[in-house]
Amino acid sequence: MDIKSKLSGVGTTIFTTMSQMAADHGAINLSQGYPDFDVPLPLIEALNRYAREGQNQYPPMHGIAYLRQQIAAKTASCYGPVLDADDEVTVVSGATEGLFVAIQALVHRDDEVIVFDPAYDAYDPAIRLAGGRAVHIPLAAPNFQIDWQRVRDAINPRTRGLLINSPHNPTGAVMSPSDLEMLANLVEAFDLWVISDEVYEHMVFDGRRHLSLVSNEGLRARTMVISSFGKTFHATGWKVGYCLASPELTTEFRKVHQFVTFTTHTPSQWAIADFLEHHPAHYHTLPDFYESKRNLLADALQRLGFTLTRSAGTYFQTASYDALSNDDDMTFVTRLTQAAGVAAIPTSVFYETPPAQHLVRFCFAKEDQTLLAAEERMAQYFR
């Protein structure tokens, strides 16, 4: 049978590749972004309770009211605006689904969407499946800040929107107030929309604050914000996220969502809503929790000979191995996994055109002893 692929050139993701390699070689997995510590106990207890109480059938397509109300309350508490839980909040089966739905809802054939490299690998395929084209603008090391003049120069009559990610995976860069103002000015001047990937919203360090696009009056009506409880509550396998958008954009979002997953796991929604209401301190303490882990890993990497700028957000740290090897980044992480017993991610996979740099990404959402054990293994390897 002659099958014409809609995603020619797309294979197994690097996260699957490196996690499998880590498993095959008994390596400490600092590649894929998931914690090796437990979900908060009250959240587990709530999940069990709601499942036992019978909350196991289809929920409303856009999410149970209790969870949507708690998301709206958290948004108001963290960022200011009071959203309508019925018309501006939609629960989704993970942020990747939310991003896919947002892209399918907004991107039409031959539309161009600006994305910033290094970019999460789900963006470009979803844009292609919608019939659009991703226009990749690189972010410059070591700070990976957006060059807004370059963005303006890339806008043409086919440009329909931008896909923003802050805190940024894989670099850890965080947008500033001036970035939001520049974005708002461009969006208004050229009549664009924005999809904002904010899954690491509660992991911002060194006294910075996350600036959600819903907090900017000029951006709110033109933006779909996607976030994730999997990241916030250490429960990546639960696959529960949400979309914040104006009523008009929410209508378009839900038209697509209903034909992708339709609904999201019912007892998880009840448990997360309960935890949000009764344990709000959890997400308020995440910056300090993860900043200490970032410092532990960054200090270790610097002792080993890596050079780096400390991550401003997310639970990832990028580091240059210029002083350690001349290998390309895929060769370097393969040897690091197989010979040193520590898995990382090559950053070249996040670029349309990879730059000449020796940069890899490590995940620090791990127990402290895991990070220290990884340092010891790498120290023996580089000795």
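The values are calculated or read from the model by the stated rules, or taken from the named source; none is laboratory data. Model, not experiment: these values are computed from the prediction. As a convention, Cβ positions derive from the backbone with ideal geometry for all residues, glycine included, and neighbour counts pool all protein chains shown.
The helices (runs of 4 or more DSSP H) found entirely in the stretch 261-341 that carry 1 or more residues being among the hydrophobic types (A, V, I, L, M, F, W, C), assigned by TED's automatic domain parsing to the domain that holds Ser228 and within 20 Å of Thr236 (Cβ to Cβ) are 266-278. Summed over the stretch 132-153, residues that are free of Cβ contacts under 8 Å to residues at least 40 places away in the same chain and either hydrophobic (A, V, I, L, M, F, W, C) or touching a strand residue (DSSP E or B) at 6+ places or on another chain (Cβ under 9 Å) (or both) total 12.
In summary, Arg335 fulfils each of the numbered conditions (1) in contact with a helix residue (DSSP H, G or I) (Cβ under 6 Å, 6 or more places away or on another chain); (2) surrounded by fewer than 20 Cβ atoms within 10 Å (Cβ to Cβ); (3) more than 30 Å from Arg220 (Cα to Cα) with the single exception of condition (1). Filtered by the rule that a residue be in a helix (DSSP H, G or I), in contact with a Pro (Cβ under 9 Å, 6 or more places away or on another chain) and not charged (D, E, K, R), the stretch 196-232 gives Val214, Ser215.
Residue count for the stretch 311-333 satisfying the condition of being more than 18 Å from Ser31 (Cβ to Cβ) and of a type in the set (S, T, N, Q): 1.
Does any residue of the stretch 235-245 turn out to be under 22 Å from Val107 (Cβ atoms), under 13 Å from the mean Cα position of the chain (by Cα) and among the aliphatic types (A, V, I, L, M)? The answer is no; no qualifying residue exists. When the stretch 75-98 is filtered for residues that are of a type in the set (D, E, K, R) and either surrounded by fewer than 19 Cβ atoms within 10 Å (Cβ to Cβ) or on the phi > 0 side of the Ramachandran plot (or both), the ones remaining, listed by number, are Asp84, Asp86, Asp87.
If you go through the stretch 189-206, how many residues are touching a helix residue (DSSP H, G or I) at 6+ places or on another chain (Cβ under 9 Å) and surrounded by fewer than 20 Cβ atoms within 10 Å (Cβ to Cβ)?
We begin by selecting, within the stretch 189-206, every residue touching a helix residue (DSSP H, G or I) at 6+ places or on another chain (Cβ under 9 Å); these are 189-190, 192-206.
Retained after the next criterion (residues that are surrounded by fewer than 20 Cβ atoms within 10 Å (Cβ to Cβ)): 189-190, 192, 206.
Count: 4.
Just give me the residues in the stretch 355-383 being part of a loop (DSSP other than H, G, I, E, B) and either without any contact (Cβ under 8 Å) to a residue 24 or more places away in the chain or not assigned by TED's automatic domain parsing to the domain that holds Asp24 (or both), in sequence order.
Narrowing the stretch 355-383 to residues part of a loop (DSSP other than H, G, I, E, B): 355-358, 364-367, 383.
If the condition is that a residue be part of a loop (DSSP other than H, G, I, E, B) and either without any contact (Cβ under 8 Å) to a residue 24 or more places away in the chain or not assigned by TED's automatic domain parsing to the domain that holds Asp24 (or both), then Ala356, Arg383 are the ones that fit.
When the stretch 55-96 is filtered for residues that are out of contact with any strand residue (DSSP E or B) (no Cβ under 7 Å at 6 or more places or on another chain), in contact (Cβ under 8 Å) with a residue 40 or more places away in the chain and charged (D, E, K, R), the ones remaining, listed by number, are Lys74, Asp84, Asp87. Find the residue count for the stretch 29-74, including only residues that are surrounded by 17 or more Cβ atoms within 10 Å (Cβ to Cβ) and among the charged types (D, E, K, R). Residues in the stretch 29-74 being surrounded by 17 or more Cβ atoms within 10 Å (Cβ to Cβ) and among the charged types (D, E, K, R): 2 in total.
Number of residues in the stretch 17-28 that are surrounded by 11 or more Cβ atoms within 10 Å (Cβ to Cβ) and either part of a loop (DSSP other than H, G, I, E, B) or in contact (Cβ under 8 Å) with a residue 12 or more places away in the chain (or both): the value is 7. Just one of the listed residues (Leu129, Leu186) is of a type in the set (A, V, I, L, M), in contact (Cβ under 8 Å) with a residue 60 or more places away in the chain, surrounded by fewer than 23 Cβ atoms within 10 Å (Cβ to Cβ) and in contact with a helix residue (DSSP H, G or I) (Cβ under 8 Å, 6 or more places away or on another chain), and it is Leu129.
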